[in-house]
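> So that we are looking at the same thing, I have put the structure below in structure tokens.
What follows draws every value from the coordinates through simple rules; no lab data is involved. Source: prediction; values computed, not measured. A quick note on method: Cβ atoms are made from the backbone with ideal geometry, for glycine too, and the neighbour counts reach across all protein chains shown.
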Amino acid sequence: MGAGEAGFILGTGPVAVLLIHGLTGTPTELRRVAQGLAQRGCTVYVPTLAGHCGDNADLQATGWEDWYASALAAFEGIRRQHAQVFVGGLSMGAVMSMHLAAQRPGEVAGLLLYSTTLRYDGWNMPWVARLTPLIMAVPFGVHLCRFNEKPPYGIKNPRLRSIVEKQMMAGESSNAGLLTMSGTSVRELHRLVAVVKRGMPKVNAPALVLHSSEDDITSRWNADYIERHLGAPVTKVLLDNCYHMITVDLQYREVVNLSADFIDGFIEQRAQA
């Protein structure tokens, strides 16, 4: 599943769900949701994106097109086994899901968009984060941008936050992701977002958009933007009592239930048509 050994498949149901992890993230951040959807009757595929689950040198040796190629390869394999495939992801993974739906019209049954990151504008982000598009336009600007993860790491649950912090400090990137995001990676995310924004009106797959009202990394503006610009029906739900990592934080069960209900509703509509 994907470029490394961290990916996994759960469940044996006829409906497939492809979940894509975030930038500097890992498949582990989607395991709880994958387990929940598998228990609700889906087969869930969570690949590792190229350059991830290693160190920053591995990540910087790849770009957004390499990351997307990993997701696309998984999707094409899944399509050969399942008639209905839902695609979703966390943070950058949600952005990439929209790109896949735009590139493969009619092949994606629906989208599950968790904490979509079109821009870094959450309450815990430094003000300079909003200026990264301008900084990237300056010669050598890519070398001026470097973001270090800091508490609360997108997690409101104090116990889980402590565990993740220890894993990151210990360099366990396959479990907790990387502590640092280089300017090169930020630039690649900006390039992906620019492509996705242009393609959003062409997306014809209905979307479930889940976002925390307390997101420390990306504000609700990101969810609102999708609601305004996606070329398909959008069901938007704002969660409370959680931060950016909604797939593992205090409301992950609600993420599972809303996602499973969204999938079940689509299948029921198709059966009645």
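> In whole Hz, what ³J(HN,Hα) sequence does region 226-241 give by Karplus (6.51, -1.76, 1.60; θ = phi - 60°), x for Gly and Pro?
Using θ = phi - 60°, the values come out as 4, 4, 7, 10, 6, x, 8, x, 10, 9, 10, 10, 9, 9, 10, 6 Hz.
> Which cross-chain or sequence-distant (5 or more) residues have an amide H under 5 Å from the amide H of Gly63, H modelled 1.01 Å from N in plane?
Those lying under 5 Å, H to H, from Gly63: there are none.
> Could I ask something else about it? Per residue of region 248-264, what does 6.51 cos²θ - 1.76 cosθ + 1.60 with θ = phi - 60° give for ³J(HN,Hα)? Whole Hz please, x for Gly and Pro, Karplus curve as stated.
10, 7, 4, 10, 5, 5, 5, 4, 4, 5, 5, 5, 5, 5, 4, 5, 4
> Now for a different question. Among the lysines, which have Cα under 28 Å from the Cα of Lys166 when same-chain residues fewer than 8 positions away are ignored?
Correct list for Lys166: Lys150, Lys156.
> In degrees, nearest 10, range 0 to 90: what is the angle between the Cα axis of helix 92-103 and the longest Cα principal axis of the chain?
Between the helix axis and the principal axis of the chain, the angle is about 50 degrees.
> Now, a different point. Using +1 at the C-beta of Lys and Arg and -1 at the C-beta of Asp and Glu, which of Pro47, Gln167, Leu230 has the Cα lying farthest in the positive direction of the dipole of region 8-272?
Leu230
> For the pair Asn148/Trp123, report the inter-label distance in nm, with labels modelled 7 Å from Cα in the Cβ direction.
2.4 nm
> Right, something else. Skipping prolines and chain starts, which residues have an amide H placed within reach, meaning under 5 Å, of the one on Ser219, given they are 5 or more residues away or on another chain?
For Ser219, whose amide H was placed from the backbone, the distant partners under 5 Å are Asp121, Gly122.
> Tell me, in nm to one decimal, what length is gained between Lys197 and Arg270 on full extension, where the rule is 0.36 nm per residue of separation less the Cα-Cα distance?
Length difference between fully extended and current span is 23.4 nm.
> Shifting gears a bit: Given charges of +1 on the Cβ of Lys and Arg and -1 on the Cβ of Asp and Glu, with all other atoms neutral, how large is the dipole of the chain about its Cα centre, in debye to the nearest 20?
In total the dipole reaches around 340 debye.
> Where both partners of a DSSP beta bridge lie in the chain, what percent of those bridges are antiparallel, to the nearest 5?
Numbers: 6 of 31 bridges.
Roughly 20 percent of the DSSP beta bridges within the chain come out antiparallel.
> Please state the shape class of region 41-126: rounded when a/c is under 1.5, otherwise prolate if a/b exceeds b/c and oblate if not, all from the C-alpha gyration tensor.
It is oblate, given that a/c is not under 1.5 and a/b is not larger than b/c.
> Using only the C-alpha atoms of the chain, find the volume of their convex hull and express it per residue in Å³. Show your work: numbers first, answer last.
On the way: hull volume 30.5 nm³, N = 273.
Per residue, the Cα convex hull of the chain comes to 112 Å³.
> Could you put Ser162, Ser185 in order, starting from the residue whose Cβ has the fewest other Cβ atoms within 10 Å? The partial results should precede the final answer.
Numbers: Ser162 13, Ser185 26.
Ascending number of Cβ neighbours within 10 Å: Ser162, Ser185.
> If you don't mind, there's one more thing I want to ask. Answer rounded, prolate or oblate for region 195-273, using the Cα gyration tensor with square roots of eigenvalues a ≥ b ≥ c: rounded when a/c is under 1.5, else prolate when a/b is larger than b/c, else oblate.
oblate
> Estimate the FRET efficiency between Arg104 and Ile9 by the formula 1/(1 + (r/R0)^6), using the beta-carbon distance for r and 30 Å for R0, to the nearest 0.05. Could you put the intermediate results ahead of the total?
Details: r = 20 Å, r/R0 = 0.68.
Calculated value: 0.90.
> Here's something else I'd like to know. Mind ordering 86-92, 116-122, 35-41, 76-82 by average Cβ neighbours within 10 Å, highest first? Don't jump to the answer; show the numbers that get you there.
Working: 86-92: 29.0, 116-122: 21.4, 35-41: 18.3, 76-82: 13.6.
Result, highest mean first: 86-92, 116-122, 35-41, 76-82.
> Further, regarding this structure: With the contact rule set at Cα under 8 Å and sequence spacing of 6 or more, what percent relative contact order holds for the chain? Please list the in-between numbers first.
Working: 586 pairs, mean separation 59.1, N = 273.
Normalised by residue count, the contact order of the chain is 22 percent.
> Also, quick follow-up: Thr235's amide H: which non-local residues (gap 5+, or another chain) put their own amide H closer than 5 Å, with H modeled 1.01 Å from N in plane and none for Pro or chain starts?
Ala207, Leu208, Val209
> I would also like to ask the following. Run the numbers for Asp66 and Arg80: contour at 0.36 nm per residue of separation, minus the present Cα-Cα distance, in nm.
Net length gain for the segment: 2.9 nm.
> With θ set to phi - 60° and the Karplus curve 6.51 cos²θ - 1.76 cosθ + 1.60, what are the ³J(HN,Hα) couplings of region 29-44 in order, to the nearest whole Hz, using x for Gly and Pro?
5, 10, 5, 4, 5, 4, 4, x, 5, 5, 5, 8, x, 9, 9, 10
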